[in-house]
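A.B. asks: Structure provided below as structure tokens; questions to follow.
All of the numbers you see were taken from the coordinates with simple rules; none came from a lab. For clarity, every value in this text was computed on a predicted model and none was experimentally measured. Backbone-built Cβ (ideal geometry, glycine too); neighbour counts: all protein chains shown.
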Amino acid sequence: MRNKSWIGLGVLVATTLSASAAIAQTIGFSQIGSESGWRAAETTITHNQAEQRGINLKFADAQQKQENQIKAIRSFIAQGVDAILLAPVVATGWDSVLKEAKESEIPVVLLDRMVDAPKDLYLTAVGSNLVHEGRVAGQWLVDKVGGKSCNIVELQGTTGSSPAIDRKKGFGEAIAGHDNLKIIRSQTGDFTRTKGKEVMESFLKAENGGANICALYAHNDDMAVGAIQAIKEAGLKPGKDILIVSIDAVPDIFKAMAAGEANATVELTPNMAGPAFDALDAYRKNGTMPAKFIQTESKLYTQDDDPMAVYEVKKDLGY
Ligand code: AHR
């Protein structure tokens, strides 16, 4: 039986739901796609978490298209699921479908990315502080280069997505006031290895074969891994001739760090589903309203953090 009022009627919710506590929940998950190792891990972990908790998970892969996510959400609503997890590909354009879910009394939990929509249209959001991630990456570079002059190229995530917007902002904030650091080129690599490599090749060509470039900031590790390949093919040494800082902490970036070909990454946990299911469970059982934003940690890793050991720990986690 579905939660009959997820906005405000806590007591009624608690009473109604205590009787149905033993009934298996059906939860729809609208996933963006599989653009990165990080995303693959999030998908695997969500399935595992659902299985461990006896949740019937309905999974929909949107293949990077918002229209597919909107269709999936409408289909979840039509099926009468108990809750919906949404990893929104872009930030805008969600109001109507979120209103439909609300009118159907189905709580929606956002995973890893934010939306530009009224906060009452979703129950909670689980994710990192994406601006902070960018700041951590930027601060690492500021400290690393000291007073030296440094031209930076930036590989942005998917245009219009909240991580692309916020990671750019945070990095910009960290380097602001350091006139020796300058972003000379910035373009989307769509969070993929292929596009990261392709765009890095064009940066290298445009910047004297890479001689003008001191550092790469990539909004995710997969683009950095693609770019590392491009830098090697251009006859330069990634991690030395061009410093590499990125975000996610996927196993492959630790392999690259162990080989001296990447310098730093900011970790984003792929376990968004655990806190999301906990929040939904508490809400369903006794009407506990979760915090509007459940924040995960953002840890910086560098070559000093025994990257091969971290790789060994992470390699079988579903990335
Ligand atoms: O929203 C999180 C971002 O999306 C990850 O950093 C990236 O790898 C992914 O595809």
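A.B. asks: Within region 96-192, which trypsin sites (Lys or Arg not before Pro) sit in a loop by DSSP and count at most 10 neighbouring Cβ atoms inside 10 Å?
C.D. replies: Answer in residue order: Lys148.
A.B. asks: When we measure straight from the Cα of Lys99, which lysines land under 24 angstrom away, once same-chain ones fewer than 8 places off are left out?
C.D. replies: Within the straight-line limit of under 24 Å, Lys99 reaches these lysines: Lys4, Lys58, Lys65, Lys71, Lys119, Lys285, Lys292.
A.B. asks: OK, next. Which distance in nm do the two modelled labels at Asn286 and Asp316 give, with both placed 7 Å along the Cα-to-Cβ direction?
C.D. replies: So the label points at Asn286 and Asp316 sit 3.8 nm apart.
A.B. asks: Subtract the Cα-Cα distance of Phe59 and Phe293 from 0.36 nm times their separation in residues, and report this length gain in nm to one decimal.
C.D. replies: Contour length minus Cα-Cα distance gives 81.9 nm.
A.B. asks: Can you give me the relative contact order of the chain as a percent, contacts being Cα pairs under 8 Å and 6 or more apart?
C.D. replies: That works out to 20 percent.
A.B. asks: Size of the dipole of the chain about the Cα centre, Lys and Arg at +1 and Asp and Glu at -1 on the beta carbon, nothing else charged, in debye to 20?
C.D. replies: It works out to roughly 460 debye.
A.B. asks: In whole angstrom, note down how far apart the Cα centers of region 55-69 and region 110-165 are.
C.D. replies: With region 55-69 and region 110-165 each reduced to a Cα centre, they are spaced 23 Å.
A.B. asks: How much length, in nm to one decimal, is gained on full extension between Arg74 and Thr92, taken as 0.36 nm per residue of separation minus their Cα-Cα distance?
C.D. replies: Full extension of this stretch gives 4.8 nm more.
A.B. asks: Right, something else. Cut-off under 19 Å on the C-alpha distance; same-chain residues fewer than 8 positions from Lys169 excluded. Which aspartates and glutamates are left, in chain and number order?
C.D. replies: Answer for Lys169, where 19 Å is the Cα cut-off: Asp112, Asp116, Glu133, Asp143, Glu154, Asp179, Asp190, Asp221, Asp248, Glu267, Glu297, listed by chain and number.
A.B. asks: Rounded, prolate or oblate, given the Cα gyration tensor of region 64-188, with a/c below 1.5 counting as rounded?
C.D. replies: Prolate is the answer for region 64-188, as a/c is 1.5 or above and a/b outweighs b/c.
A.B. asks: Spin-label point model (7 Å from Cα, Cβ direction): what's the Lys205 to Ser104 distance in nm?
C.D. replies: In this crude label model, Lys205 to Ser104 measures out at 4.7 nm.
A.B. asks: Same structure again: As I understand it, the dipole of the chain uses +1 on the Cβ of Lys and Arg and -1 on the Cβ of Asp and Glu, about the Cα centre. Which of Leu236, Leu111, Gly80 lies farthest toward its positive end?
C.D. replies: Gly80
A.B. asks: If you don't mind, there's one more thing I want to ask. Kirkwood hydrodynamic radius for the chain: how many Å is it when counted over pairs of different Cα atoms?
C.D. replies: About 20.4 Å for the chain.
A.B. asks: While we're on this one: Kirkwood hydrodynamic radius, region 99-254, all distinct C-alpha pairs: what's the number in Å?
C.D. replies: Hydrodynamic radius (Kirkwood, Cα pairs) of region 99-254 is 16.4 Å.
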